[in-house]
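**Student:** Can you read through this structure? Questions will come right after.
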């Protein structure tokens, strides 16, 4: 870790891989911030790109600006985790912000985020964001009201609010650098679904979390490869690892029940399982069964019946009716991937 300096108000970390010229869009959203780019430390970490253009873009920004640091990894890690961890090792300011290389921050985002963390002195502050779907910006609100300096582990209500109603992503948040370092909070490397255990670990060690839902600071661009097409065996194994890590973080916290967040994670595991190829499911279903058994041992986990179809599938699985569970999952896969049925289901769920 570099020695802390007062040259910059905050540091921004962008992990990138084969983004090419499109990286400029994300980087320019940092350069053009109303807080003044001279107050920002921009760290871009390349995850062993093979397109050459990405490296050229990075070196262009580094040669143009003194406050841009470029780090080049020798081997691709296949996730954002390791590049983000490396980026944190180069931070020299008091605050850290994360940005994905195909998203952007709104022009006054850093001014809002910096002024807010200065005002409330929180370990981290989360803001609302826009979801960009084919050019349509949809407001994605964290909570219906602001929360100022809540202690996540003070009581069950606090924990449930911060885990069931807020986004687990690391972007659209600002973190105290010292808080992350002192508690050794890093991303689990080489897996997808890395944001959620990172966020849950911040809640585990934080005493001050603030949610400012009134401010929309980030534009998240929905991409085709974030949909069910990425529900492969690696995604399945990764989400199981993330779920076990979350359970482990809270293993010795007696006053907090983690059933809500673990139910969400197991439900997501079952969704990914349903979208696996048929030849992968016989082994995968045993992993889900063993996952729930382990969760019960670690945290006395009991799954909530939050979604009827998930409940039916999970009950069959836990009763060791594996053939029935696989059959149900195959039916669900067809339904999940039918646009008409999915749109009707979303309307039903929202009512």
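**Student:** Sorted from fewest to most neighbouring beta carbons within 10 Å, what does the list 17, 129 look like? It would help to have the intermediate numbers written out before the result.
**Tutor:** Numbers: 17 21, 129 27.
The most exposed by this proxy come first: 17, 129.
**Student:** Tell me what the chain gives for mean residue ellipticity at 222 nm when only DSSP H runs of n ≥ 4 count, each as -39,500 (n - 2.57), the sum divided by the residue total, rounded to 500 deg cm²/dmol. All intermediate terms of the calculation are to be shown ahead of the outcome.
**Tutor:** Details: 13 runs with 161 residues, N = 351.
Calculated mean residue ellipticity at 222 nm is -14500 deg cm²/dmol.
**Student:** Have a look at 115, 146, 338 and tell me which one the Gaussian network model of the chain (Cα, springs below 10 Å) gives the largest fluctuation.
**Tutor:** 338
**Student:** Modelled label-to-label distance, residue 282 and residue 140, 7 Å Cα→beta-carbon offset: nm?
**Tutor:** Placing both labels 7 Å beyond Cα along the Cβ direction yields 3.8 nm.
**Student:** Between residue 334 and residue 78, what FRET efficiency follows from the Cβ-Cβ distance if R0 is 30 Å, with the result rounded to 0.05?
**Tutor:** Working: r = 29 Å, r/R0 = 0.97.
According to the calculation, E is roughly 0.55.
**Student:** Quick one: Cα centre-to-centre distance for segment 292-320 and segment 195-221, in angstrom?
**Tutor:** Taking the Cα centre of segment 195-221 as reference, the centre of segment 292-320 is 27 Å away.
**Student:** Neighbour counts of other C-beta atoms within 10 Å: give me 69, 234 arranged from fewest to most.
**Tutor:** Working: 69 21, 234 15.
If I rank by nearby Cβ atoms, fewest first, I get 234, 69.
**Student:** Let me ask something else about it. Give the relative contact order (percent, whole number) for segment 1-99; include only Cα pairs under 8 Å separated by 6+ residues. Please report the intermediate quantities before stating the final value.
**Tutor:** On the way: 185 pairs, mean separation 45.4, N = 99.
Contact order relative to length: 46 percent.
**Student:** Arranged by the count of other C-beta atoms within 10 angstrom, fewest first, what order do 274, 169 take? It would help to have the intermediate numbers written out before the result.
**Tutor:** Values: 274 25, 169 18.
With the sparsest Cβ surroundings first, the list reads 169, 274.
**Student:** In cubic angstrom, how much convex hull volume per residue do the alpha carbon atoms of segment 10-219 span? Kindly include the intermediate steps, with their values, before the conclusion.
**Tutor:** On the way: hull volume 24.0 nm³, N = 210.
With only Cα atoms used, segment 10-219 gives 114 Å³ per residue.
**Student:** Quote to one decimal, in nm, the extra length available between residue 102 and residue 233 on full extension: 0.36 nm per residue of separation minus the C-alpha distance between them.
**Tutor:** Numbers: separation 131, 0.36 × 131 = 47.16 nm, distance 2.48 nm.
In short, 44.7 nm is gained.
**Student:** If you don't mind, another one. Taking 0.36 nm per intervening residue step and subtracting the Cα-Cα distance, what contour gain separates residue 52 from residue 253 on full extension?
**Tutor:** So the chain would gain 67.6 nm between residue 52 and residue 253.
**Student:** With both partners inside the chain, how many of the DSSP beta bridges are antiparallel, as a percent to the nearest 5?
**Tutor:** Approximately 40 percent, going by the DSSP bridge assignments.
**Student:** Rounded to the nearest 0.05, what FRET efficiency do residue 28 and residue 327 have when you use their Cβ-Cβ distance and R0 = 41 Å?
**Tutor:** Working: r = 50 Å, r/R0 = 1.23.
According to the calculation, E is roughly 0.20.
**Student:** Please identify, among 32, 257, 283, the residue showing maximal mean-square fluctuation in a Gaussian network model of the chain using a 10 angstrom Cα cutoff.
**Tutor:** 283
**Student:** Can you figure out the FRET efficiency of residue 157 with residue 298, using R₀ = 25 Å and their beta-carbon distance, to the nearest 0.05? Can you show the working numbers first?
**Tutor:** Values: r = 23 Å, r/R0 = 0.91.
Computed FRET efficiency for residue 157 and residue 298 comes out at 0.65.
**Student:** Using alpha carbon coordinates only, what is the Rg to Rh ratio of segment 119-195, with Rh defined as the Kirkwood radius?
**Tutor:** Details: Rg = 14.3 Å, Rh = 14.5 Å.
Computed over Cα atoms, the ratio is 0.99.
**Student:** Give the separation of the Cα centroids, segment 14-28 to segment 47-100, in Å.
**Tutor:** 10
**Student:** Something else: Build a GNM of the chain with springs between Cα atoms under 10 Å: which of 82, 55, 248 gets the top mean-square fluctuation?
**Tutor:** In the Gaussian network model the winner is 248.
We did not get these values from a lab; they are worked out from the coordinates using the rules stated. Just so it is clear, the structure is predicted and the values come from calculations on it, not from any experiment. FYI the Cβ positions are ideal-geometry reconstructions off the backbone, even for glycines, and counts take in every protein chain you see.
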